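First up is the structure itself, then whatever we jot down about it.
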Amino acid sequence: MNQDTLNLTHNSNDDINAMSQTVAQSDIIALLEQTFVEHFGYAATQISHAPGRVNLIGDHTDYNGGFVLPAAINFGTWMAGKARNDRTINVVALDCDGERISFSLDDIAFDKVSSWSNYVRGSLIALAKALPDFGGADLVVKGNVPRGAGLSSSASFEVVTLKTMAALYDLPLSGVQAALMGQQAENEFVGCNCGIMDQMISAMGKQHNAMLLDCRSLDIQYARMPEDLAIIIVNSNVKRGLVDSEYNTRRKQCEQAAALLGKTSLRDVTLAELNAAKADLEPILYRRAHHVISESLRTCDMLAALNRHDMAQISTLMAESHDSLKNDFEVTTSQLDILVSLLADKLGEYGGARMTGGGFGGCVVALTERSHVDNVLATLAEDYHAATGLKADVYLCHAVDGAFVAV
Ligand code: GLA
């Protein structure tokens, strides 16, 4: 059992399935090495890692050029690799029943059957456009980011792929470049119109720090997380539905609102300007824009609150963020609302809770001092189950470094 599993077994009953990194990092590396030899008959020369993320505040602001404040978490994706002397890419996915796919770098096509492989394919297309000086590779991948939970398993897959190829071929790939290529893979190949947050934090995260990202300039400001602050992530286990279509609709509504206000992006609109134009906007567009503009302001305020260790302000900002995502942006579900209100009741002024990520299911995040964690989680399971009939998974997290070459 590794460090991350500690404290997670304290729930007396099974209603909270205390999710842990059931396989420690060293065990994952050993498994990758062993599988690699079994498949390819020789040893891997590199093993890289890219983390998943939790967003502490600032959702649906990234594609509006606004601010986000995520942290890279201690759940991620590992990839073992060795360069080949031809143009073939072989990938074995341990989390997909050890499935193995192959393709040529000269003919990268969308894979409708093994859809997981499109993250590799799309990332390599993006890499080839900017840094084409690489050839084939044998790869084995394994992750422990819960899939479909909104914790960026796909961004970590893209970033680890790029990081591995850069290590194998000694390519001068910066973290920001890797993030942009990962986003390009999602936008242009996988078909998800996401912003830049997930890939940037996976590539550029910093241990013990949250990362304020200006999604327009890509400027980064790290904020040290207070030592005694715990990041609690609770998975509602609501399968995220309609994510892509609703996500794209929200993006379009934001663009429409900005255009009606005479700007290219909501980043350039102040709350005063929005309110002055309220009568001219359809109510739904006003509410969408109101969320985005106010959320970006809250995100910057949160950085200051974290730096001051001001729990009461953190609590207020997270509550306001959730309400805004619920009422103005309409991306929460009843179960997410219930989880947040259960957590907020238990936390009071001693911490905050909000949905995190794209919404429509997935996870909520709570911040509180470590001394409150047991108390906060004590009856959460029963209460959530009684209200929804669902079980919650809890992940106790801490902020880790962005992508790195491990071996
Ligand atoms: C998803 C997207 C991100 C971001 C969030 C919402 O995670 O991938 O780019 O837009 O939703 O903040």
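Summary table below
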| item | result |
| --- | --- |
| Any helices (runs of 4 or more DSSP H) falling wholly within region 152-260 and containing at least 2 residues that are among the hydroxyl-bearing types (Ser, Thr, Tyr) | 153-169, 243-260 |
| Selection status of ALA179, within 13 Å of the ligand (Cβ to nearest atom) and touching a Ser or Thr at 6+ places or on another chain (Cβ under 6 Å) | no |
| Subset of region 130-152 that is out of contact with any helix residue (DSSP H, G or I) (no Cβ under 8 Å at 6 or more places or on another chain) and at pLDDT 95 or above - its residue that is surrounded by the most Cβ atoms within 10 Å (Cβ to Cβ) | LEU151 |
| Residue satisfying condition, being assigned to a helix (DSSP H, G or I), over 30 Å from LYS82 (Cα atoms) and among the acidic types (Asp, Glu), within set ASP345, ASP393 | ASP345 |
| Checklist (1) open to solvent by 10 Å² or more (accessible area, probe 1.4 Å); (2) in contact with a strand residue (DSSP E or B) (Cβ under 8 Å, 6 or more places away or on another chain); (3) not hydroxyl-bearing (Ser, Thr, Tyr) applied to LEU325, failing item | (1) |
| Candidate set: region 142-159, residues that are in contact with a strand residue (DSSP E or B) (Cβ under 7 Å, 6 or more places away or on another chain) and more than 17 Å from ALA71 (Cα to Cα); chosen: the one farthest from the ligand (Cβ to nearest atom) | LYS142 |
| Complete set of residues in region 348-386 that are closer than 23 Å to ASP228 by Cβ and in a helix (DSSP H, G or I) | GLY348, GLU349, TYR350, ARG370, SER371, HIS372, VAL373, ASP374, ASN375, VAL376, LEU377, LEU380 |
| Members of region 218-227 found to be away from the ligand (no atom under 14 Å from the Cβ) and open to solvent by less than 60 Å² (accessible area, probe 1.4 Å), listed by number | ILE220, ALA223, MET225, PRO226 |
| Odd one out for LEU396 among (1) over 22 Å from the mean Cα position of the chain (by Cα); (2) farther than 30 Å from ARG287 by Cα; (3) of a type outside the set (Phe, Trp, Tyr) | (1) |
| Number of the exception - TRP116 against (1) touching a Cys at 6+ places or on another chain (Cβ under 6 Å); (2) buried (at least 23 other Cβ atoms within 10 Å of the Cβ) | (2) |
| Selection count, region 251-280, where residues are small (Gly, Ala, Ser) and under 17 Å from SER296 (Cα atoms) | 4 |
| Selected residue [open to solvent by 10 Å² or more (accessible area, probe 1.4 Å) and closer than 30 Å to ALA305 by Cα] from ALA210, ALA167, ALA179, ALA203 | ALA203 |
| Unique match (being within 30 Å of THR379 (Cα to Cα) and in contact with a strand residue (DSSP E or B) (Cβ under 7 Å, 6 or more places away or on another chain)) among ASP228, ASP214, ASP198 | ASP228 |
| Among (1) at pLDDT below 95; (2) open to solvent by 10 Å² or more (accessible area, probe 1.4 Å); (3) small (Gly, Ala, Ser) - the single one GLY361 does not satisfy | (2) |
| Positions within region 343-358 being farther than 16 Å from GLU320 by Cβ and crowded, with 22+ Cβ neighbours inside 10 Å, in sequence order | GLY357, GLY358 |
| Options TRP78, TRP116: the member that is under 20 Å from the mean Cα position of the chain (by Cα) and more than 23 Å from GLY205 (Cα to Cα) | TRP116 |
| Single match in SER341, SER324, SER294 (criterion: polar (S, T, N, Q), free of Cβ contacts under 8 Å to residues at least 24 places away in the same chain and assigned by TED's automatic domain parsing to the domain that holds ARG267) | SER341 |
| Of the criteria (1) over 15 Å from the mean Cα position of the chain (by Cα); (2) among the β-branched types (Val, Ile, Thr); (3) within 15 Å of the ligand (Cβ to nearest atom), which one ILE201 fails | (1) |
| Region 396-407 - residue that is open to solvent by 60 Å² or more (accessible area, probe 1.4 Å) and assigned to a strand (DSSP E or B) and, of those, nearest to GLY175 (Cα to Cα) | PHE404 |
| Unmet criterion (only one of (1) in contact with a strand residue (DSSP E or B) (Cβ under 7 Å, 6 or more places away or on another chain); (2) open to solvent by 20 Å² or more (accessible area, probe 1.4 Å)) for PRO172 | (1) |
| LEU274 vs. criteria of a type outside the set (S, T, N, Q), surrounded by 19 or more Cβ atoms within 10 Å (Cβ to Cβ), in contact with a helix residue (DSSP H, G or I) (Cβ under 6 Å, 6 or more places away or on another chain) and not assigned by TED's automatic domain parsing to the domain that holds ASN74 | yes |
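The values are calculated or read from the model by the stated rules, or taken from the named source; none is laboratory data. Note that the structure is predicted; figures quoted are calculated from it, not measured. A quick note on method: Cβ atoms are made from the backbone with ideal geometry, for glycine too, and the neighbour counts reach across all protein chains shown. SASA here: full protein model, heavy atoms, side chains in, ligands and nucleic acids out. Shrake-Rupley method; radii C 1.70, N 1.55, O 1.52, S 1.80 Å.
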